[in-house]
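**Student:** Just passing along the structure, written as structure tokens.
The values are calculated or read from the model by the stated rules, or taken from the named source; none is laboratory data. Note that the structure is predicted; figures quoted are calculated from it, not measured. Don't worry about glycine lacking a Cβ; one is built from the backbone with ideal geometry, like all the others, and counts go over all protein chains shown.
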Amino acid sequence: MSQNDSQILEQVNEALKSDATATAIQILFEAYGSRLERLISVRLDPRVAARVDAADVLQEAFVEISEKIPSYQESSQLPLYLWLRTIVLERVIATHRTHLVTQKRDVRREAKRHRAENSFDSAMSLANLLLGDDTSVSGKAIRTERHQVLAEALEQLSPSDHEIVLLRIYENLTNQEVSEILGIDSGAASKRFIRAIQRLGNLLRSLPDFETTSGFFKHV
């Protein structure tokens with residue numbers, strides 16, 4: 001557990017000792033809320049995202065967290081953030097089941113106009129993080145084109161490669177955290193990530209619109 005997580009957990013425990021569960025949840029929300037909401041945004045099926053906000057899913061997840069946090073240390077071997085992440089992902093799965101199974105027809109109809117703009121959400125979010133920041137006015141149009149090129153390359157990665165890039169870069173998880181999630185040792189997780197990044201670099205270089213410029217692709 002990181003020092004930051006340890007400090008947060010200590011604050012949470014102090015709140016729980018005083019039966020201030022709401023305070024404990026507020027501490028967790030302030031520390032991890034934005035990170036978890038971003039996780040939800042990239043994991044929601046576009047058909048569901050057409051009608052359900054990530055913030056609403058997060059709120060539902062925190063209702064469950066508020067019920068389980070008092071027994072967290074007794075029942076879980078996971079680091080604090082990974083435990084929260086597990087509950088949030090379970091809520092995402094439950095949301096998918098609700099909207100894709102019981103309301104399948106309505107969701108698909110509503111999603112038609114959203115599908116094109118949402119299909120690259122995950123890849124474009126990764127592109128924003130992978131690319132260097134050119135903030136000049138003249139560079140904005142070029143940057144937009146480059147983001148699209150990178151998103152297209154990310155879409156061509158295998159599911160396992162895309163997932164580990166997503167975990168390491170978009171979710172900003174450590175190599176150790178990724179190894180725990182994937183159930184592999186840290187050395188294997190590191191090698192898998194390096195291979196995925198190398199494959200992504202090769203895909204980019206094979207694209208006609210790819211330009212090798214300083215800061216364009218920081219990880220290759």
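**Student:** If a residue must be among the β-branched types (V, I, T) and surrounded by fewer than 20 Cβ atoms within 10 Å (Cβ to Cβ), how many such residues does the stretch 30-47 contain?
**Tutor:** So the count comes out to 1.
**Student:** Shifting gears a bit: Take V63 and decide whether it is modelled with pLDDT under 85, hydrophobic (A, V, I, L, M, F, W, C) and more than 20 Å from L173 (Cβ to Cβ).
**Tutor:** Spelling it out, it is not the case that V63 is modelled with pLDDT under 85, hydrophobic (A, V, I, L, M, F, W, C) and more than 20 Å from L173 (Cβ to Cβ).
**Student:** Out of (1) free of Cβ contacts under 8 Å to residues at least 24 places away in the same chain; (2) in a loop (DSSP other than H, G, I, E, B); (3) within 22 Å of the chain's Cα centre (by Cα), the odd one out for D19 is which?
**Tutor:** D19 satisfies all of (1) free of Cβ contacts under 8 Å to residues at least 24 places away in the same chain; (2) in a loop (DSSP other than H, G, I, E, B); (3) within 22 Å of the chain's Cα centre (by Cα) except (3).
**Student:** Given L166, L157, L203, L182, which one is at negative phi, of a type outside the set (K, R) and modelled with pLDDT of 90 or more? Walk me through it before giving the result.
**Tutor:** Values: L166 fails: modelled with pLDDT of 90 or more; L157 fails: modelled with pLDDT of 90 or more; L203 fails: modelled with pLDDT of 90 or more.
From the options L166, L157, L203, L182, the qualifying one is L182.
**Student:** Condition check: surrounded by fewer than 16 Cβ atoms within 10 Å (Cβ to Cβ), within 30 Å of L16 (Cα to Cα) and at pLDDT below 90. Does E74 satisfy that?
**Tutor:** So E74 passes the test.
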